[in-house]
Amino acid sequence: MSAEADNPGAARSGADDADGAADADGAADGAGGVAGVVLHGNVLLDSVVARERVIRHLQAQNAADLGELARSYVGVREFLDTEVAGALTISERAAATQITIAEQLRKIPVTWAAWNAGEIDLPKVRYLAEQVEQLDEATARLLEERIYPSAVDKPMALFRRQVRRVLLGLNPDHAQESHEEAVAQRNVSCVPGEDGMAQLVYYGPAQDVEVVWRVLTVMADTAKTPDDSRGIDARRADCLVDLFHHVVEHGLPGGAQLSVKQRSKVRLQVTMPYTVLTGGIGVCELDGYGPITAAQARAILARTPTGTPTSAGIGGREVNQGNNNGSARRPGGDGRAGRRPDSPRGADSRPAAPRDSAQKPNKPRGGGAAVGDGGLLVQRLVCDPLDGSLLDATRIAGYVPPEWLAEQIRIRDRTCIAPGCRQPAARTEIDHRIPYQAGGATSADNLNLLCKHHHRAKDGGGWTLTRTADGTYHWTSPLGRTHTREPETWWQPTETTGDRPADSIDQSVAANDGGTDQSDSAVGERNLDEASGPATTPRVNTPPPDGPDTGTSPSTSISNDSASRPAPESGPPHPAAGALPDDPHIDDTPPF
């Protein structure tokens, strides 16, 4: 029998010792592996630091060479930026920045030495160069003495703060002058960005910026609700926007309400192909910004970032989908604030405003456009996706149409739209078919061209004007006779008799035989010419022919059937030639 069999305990002890040795070896290997990874990481990081110091050294050498080049340039100094930009294939602005830093290094040699040794980076050097540009060399040297070496290893924010503190102590009078000059340059700027975003940049005194920032922060904290997934930055942004919506809806802080003209200046204008209205995709445009996506355009029309019907006040979002004409408002009548875009009403802890402070619902004004009591207006321009022509535009708040709309009317009508009148667009006036004071919209379907004579005939002369959906104008005289002006045809294919089928010619002859009598037509055309003459020319109404003209040029169609003739509308009698009675329907505003 073996010794292991005689002593099994000893055998187990030997096995345990072997397992323990194996575990120890594994632990050693694991410790060595971790140490190896740590060592490798440190080697990599040390390599990055070493290369960064080399890069800083090379940047300092480049700056020294640029400074020498600036002092010895044989060309005109003004064009050194162009020379350097061409050699480095960078912009002239970037080249000018590099040259400016290089020239200022003569005032701050300690800074250049630290840069050359790789101890400080380019942002700190650039900031110092900007600060000493208006200082003499002696003051610049004092600045360096007080910031080095303590500021070398500080983060940029602390570095800037220490430099500002030293500069204020060295030359307080100059610092105050610089501050006053900077305050005079305060501004707010809008910088377009990518992805349908933009930046609103406020540059002003530090105390004012701090007030704005802290108030927005308090508002953002107040707007926070348990189910609000927005971060504090997003809530700050929403609160800022809602403050200005509040001004549009409720007026200025002093209580003054924005006038119609002032509100028209804050109108958003979105241009889109008509396919977007049916849910299609396409590039749209936001006036003042540029191209946006179809989804963002639809969201703007809905006045909510997500296009979801919600209700909110300051800090949230609201949509009024009932206004398909492009006007949008955010009632906020309950005075609530701080909701995320999809939060339900009452999701915040801010008490509701008194009942009498709630805004009234939208009231339709002329043209069927619903305009809020003070809501933000969004105008929609719908275009043909093939040729880019403007097909539709929502109502304009105001009597005078913008130039783009006026030009559209001139191009569409081309002449005075009175039957038989050919006064060119340049000698006409833009008329509201339904008077603006009576609620008529400043829109393409309510505007038309009229010469001064026919403008007076319509507004106070007893003549009435209507327009059908196909663009045909229908005039009714004081005697109830109707005249038709068909829409302009821009282009008509040239046809010769030999190219036309015989049946087409027969149909044309048959139409002429059963249509307008030549003598009646001649008399009608003569009367229309007289109507477009001076105001003192009396109008002569002749028995009209049956049926409308089918020609491609503006034509006149006069009904001769007494049974089908509409009864004369009640109103003032037809005035004598050259005289116009006082008529309340005349536009109070001078013709455009």
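Quick look at the values:
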quantity: Separation of alpha-carbon centers, the range 271-300 and the range 42-81, rounded to whole Å; calculated: 47 Å
quantity: The range 395-485: mean projected area of Cα convex hull, nm²; calculated: 5.7 nm²
quantity: Linear extension gain, Tyr127 paired with Ala35, 0.36 nm per residue minus alpha-carbon span; calculated: 29.0 nm
quantity: Alpha-carbon centroids, the range 160-202 and the range 206-249: separation in whole Å; calculated: 23 Å
quantity: Heavy-atom accessible area ranking, 1.4 Å probe, most first, across Met272, Met156, Met197; calculated: Met197, Met156, Met272
quantity: Computed accessible area, Asp287, all protein chains, 1.4 angstrom probe, square angstrom; calculated: 110 Å²
quantity: FRET efficiency estimate (nearest 0.05) - Cβ-Cβ, Asp208 to Glu403, R0 30 angstrom; calculated: 0.20
quantity: Cα-projected label distance for Tyr73 with Lys224, points at 7 Å along beta-carbon direction, nm; calculated: 5.4 nm
quantity: Area of Arg165 that stays accessible when all protein chains are in place (1.4 Å probe, Å², to 10); calculated: 150 Å²
quantity: Scattering curve values for the range 51-171, log₁₀ I(q)/I(0), Debye with Cα scatterers, q = 0.11, 0.18, 0.22 Å⁻¹; calculated: -0.38, -0.95, -1.27
quantity: Order of exposure, largest accessible area first, which applies to Arg106, Arg467, Arg53 with probe 1.4 Å; calculated: Arg106, Arg53, Arg467
quantity: Accessible-area order (highest first, 1.4 angstrom probe) of the listed residues Glu52, Glu403; calculated: Glu403, Glu52
quantity: Nearest-10 value in Å² for the accessible area of Tyr73, using the 1.4 Å probe; calculated: 60 Å²
quantity: Efficiency of FRET between Ile232 and Asp173 - r from beta-carbon atoms, R0 51 angstrom, step 0.05; calculated: 0.80
quantity: Residues Glu52 and Leu386, FRET efficiency given R0 of 60 Å [Cβ-Cβ distance, rounded to 0.05]; calculated: 0.60
quantity: The range 280-292 - phi-based ³J(HN,Hα) in whole Hz, Karplus 6.51/-1.76/1.60, Gly and Pro as x; calculated: x, 9, x, 7, 10, 9, 9, 4, x, 10, x, x, 9
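The values are calculated or read from the model by the stated rules, or taken from the named source; none is laboratory data. Predicted, not measured: the structure shown is a model, and the values here were computed from it. Every residue, glycine among them, receives a Cβ derived from its backbone with ideal geometry; neighbour counts consider all protein chains shown. Accessible surface areas use protein heavy atoms only, side chains included; no ligands, DNA or RNA. Shrake-Rupley method; radii C 1.70, N 1.55, O 1.52, S 1.80 Å.
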